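Notes follow once the structure below has been shown.
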Amino acid sequence: MRKERGRRPKKKVCGFCVDKVEHVDYKEASRLRRYVTERGKILPRRISGNCAKHQRQMTVAIKRARNMALLPYTIE
């Protein structure tokens, strides 16, 4: 019996590395909004495609933006 082999999905590229971003800024709410679900949750690395370094910076930036009321905690 032959095992079915599925196609591997295309590797996602870190959007911050492509734009050569040194540090993710919490004031760029429009950019950070792409990495938050409609329920207000932060997207994980495997879905967002970010590298580990920028994912950590992005998470801190989203939390700071929420604290400064630039991003909502939840979206109702």
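Quick one: how many residues across region 64-76 are touching a residue at least 12 places away in the same chain (Cβ under 8 Å) and either under 24 Å from K12 (Cα atoms) or surrounded by 18 or more Cβ atoms within 10 Å (Cβ to Cβ) (or both)? Working first, answer last.
Residues of region 64-76 that are touching a residue at least 12 places away in the same chain (Cβ under 8 Å), as a first pass: 64-65, 68, 70-75.
Keeping just the survivors that are either under 24 Å from K12 (Cα atoms) or surrounded by 18 or more Cβ atoms within 10 Å (Cβ to Cβ) (or both) gives 65, 71.
Number satisfying all stated conditions: 2.
Out of the residues in region 3-56 that are touching a Phe, Trp or Tyr at 6+ places or on another chain (Cβ under 8 Å) and assigned to a loop (DSSP other than H, G, I, E, B), state the one that is modelled with the lowest pLDDT.
Filtering region 3-56 down to residues touching a Phe, Trp or Tyr at 6+ places or on another chain (Cβ under 8 Å) leaves 24, 32, 40, 42-43, 48, 50-51, 54.
Restricting the remaining residues to those that are assigned to a loop (DSSP other than H, G, I, E, B) gives 24, 40, 43, 50-51.
Working: V24: 94, G40: 90, L43: 95, N50: 93, C51: 93.
The selected residue is G40.
Out of all the residues in region 25-50, which are under 13 Å from L71 (Cβ atoms), surrounded by 10 or more Cβ atoms within 10 Å (Cβ to Cβ) and among the hydroxyl-bearing types (S, T, Y)?
Once the filter is applied, which keeps residues that are under 13 Å from L71 (Cβ atoms), surrounded by 10 or more Cβ atoms within 10 Å (Cβ to Cβ) and among the hydroxyl-bearing types (S, T, Y), region 25-50 yields Y26, Y35, T37.
The values are calculated or read from the model by the stated rules, or taken from the named source; none is laboratory data. Treat the numbers as computed from the prediction; the structure is a model and nothing was measured. Neighbour counts are summed over all protein chains in view; Cβ atoms, including those assigned to glycine, are modelled from backbone coordinates with ideal geometry.
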